[in-house]
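The values are calculated or read from the model by the stated rules, or taken from the named source; none is laboratory data. Keep in mind the model is a prediction, meaning the values are calculated, not measured. Please note: Cβ atoms are built from the backbone with ideal geometry, for glycine as well, and neighbour counts cover all protein chains shown.
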Amino acid sequence: MIKVLFVVGPTASGKTSLSIELAKKFGGEIISADSMQIYKGIHIASAAPDMEEREGIPHHLIEFLSLDDKFSVAEYVKLARECIKEISSRGKLPIIVGGTGLYITSLLDNIEFSDAVTDTYLRKNLEDQFDKLGGEEMLRLLAEFDKDSALRLHPNNRRRIIRAFEVFEQTGKTITEQNILSKQNESEIEPLVIGINYENRELLYERINKRVDIMLENGLLEEAKANYCTDSKSGAFQAIGHKELYGYIEGNCSLTDATEQLKQQTRRYAKRQLTWFRRDDRINWFYPDCESDYLSKIFDLTQKFLKEK
């Protein structure tokens, strides 16, 4: 079993600085678990740490894809597992850091993804069906063979609803069944999961607002203009931090209004992250706003974890 440290939490909570301190103290290397930091060209919007912030600590799975590259959670898990093994083989501690819940949970739960090859004809038919019927009706149809997914998915989540139909059509198993079966496979990792949050939610929101202001000072608007593309409606082009500024770029609102929308959307994203992570009782939560010694507590917990056989 490979011991792996996870650092999770909402955006702007301080995951990056904490992970650097942990890596320095325990000889670790960092593997990003952020679905936007994997892309080049949105360095400011994704809050990817620059070389100075990394303080010499190696970072993996960060800024290695072009903005128009497609990338799935299955591909992330495959690459992350390879990184974990490679880092551990050199006697270093793998540290998974990020706020993308699906990436984190898929690694922790040892999810095995279907190897079914994408059937472009089937996908096109399902996309046409979704566009004709809408999300609510597609979920009603999905519930006929996969109630769990139908209850879990939002009607607007077009991609995952289509994927649920696609997997069943190709494999005869629901995504839910595949996940249950995959969890029966023994994981190669032994995790310790550290979560960073704030008892005072307003303090977290203040941190988010301040981060947005700093991003704008550092050139976020110029970055958004450089990547602005009217034909791109999904993926990295719709990352929080850029799409909220498109209204200003197109002349439809003021920069002040666009900035406030960006802050609001980022706060909402933090709420969604916390909702996701709160379901996982493996997370050891720490609160910097009410635990002055939280860092030493995290160090002690990590030290104990690494000493255990």
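Some notes on this structure:
- All of (1) farther than 21 Å from Phe286 by Cα; (2) touching a Phe, Trp or Tyr at 6+ places or on another chain (Cβ under 7 Å); (3) assigned to a loop (DSSP other than H, G, I, E, B) hold for Gln37 with one exception: (2).
- Single match in Glu52, Glu63, Glu29 (criterion: of a type in the set (Asp, Glu) and touching a helix residue (DSSP H, G or I) at 6+ places or on another chain (Cβ under 7 Å)): Glu29
- Inter-residue pairs, beta-carbon under 6 Å, first farther than 16 Å from His242 by Cβ and in the stretch 204-230, second in a helix (DSSP H, G or I), 6+ apart: Tyr205/Arg267; Ile208/Thr266; Ile208/Arg267; Asn209/Lys263
One line per residue, one yes/no per condition, for (1) in a loop (DSSP other than H, G, I, E, B); (2) at pLDDT 95 or above:
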position	(1), (2)
Tyr76	no, no
Cys83	no, yes
Gly91	yes, yes
Asn110	yes, no
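- Considering residues of the stretch 272-309 that are over 13 Å from Phe6 (Cα atoms), under 24 Å from the mean Cα position of the chain (by Cα) and among the polar types (S, T, N, Q) only, the residue surrounded by the fewest Cβ atoms within 10 Å (Cβ to Cβ): Thr275
- Against the conditions (1) within 26 Å of Ile194 (Cβ to Cβ); (2) outside the structural domain of Ile208 (by TED's automatic domain parsing); (3) among the small types (Gly, Ala, Ser), Ala80 satisfies every one except (2).
- Pairs linking a residue in the stretch 122-150 that is without any contact (Cβ under 8 Å) to a residue 60 or more places away in the chain and surrounded by 13 or more Cβ atoms within 10 Å (Cβ to Cβ) to a residue that is among the charged types (D, E, K, R) and in a helix (DSSP H, G or I), with Cβ atoms under 7 Å and 6 or more positions apart or on different chains, are Leu122/Glu166; Leu122/Glu169; Arg123/Glu166; Leu126/Glu166; Phe130/Arg158; Gly135/Arg158.
- When residues in the stretch 1-26 are screened for being in contact with a Ser or Thr (Cβ under 9 Å, 6 or more places away or on another chain), part of a helix (DSSP H, G or I) and among the hydrophobic types (A, V, I, L, M, F, W, C), 2 of them pass.
- Single residue of the stretch 1-43 satisfying the filter (polar (S, T, N, Q) and in contact with a strand residue (DSSP E or B) (Cβ under 6 Å, 6 or more places away or on another chain)) that is surrounded by the fewest Cβ atoms within 10 Å (Cβ to Cβ): Ser13
- Considering Ile249, Ile214, the condition of being farther than 30 Å from Glu86 by Cβ, at pLDDT 85 or above, out of contact with any Cys (no Cβ under 8 Å at 6 or more places or on another chain) and exposed (fewer than 15 other Cβ atoms within 10 Å of the Cβ) is satisfied by Ile214 alone.
- Residues of the stretch 83-102 that turn out to be of a type in the set (Gly, Ala, Ser) and within 22 Å of Ile196 (Cβ to Cβ), as a count: 3
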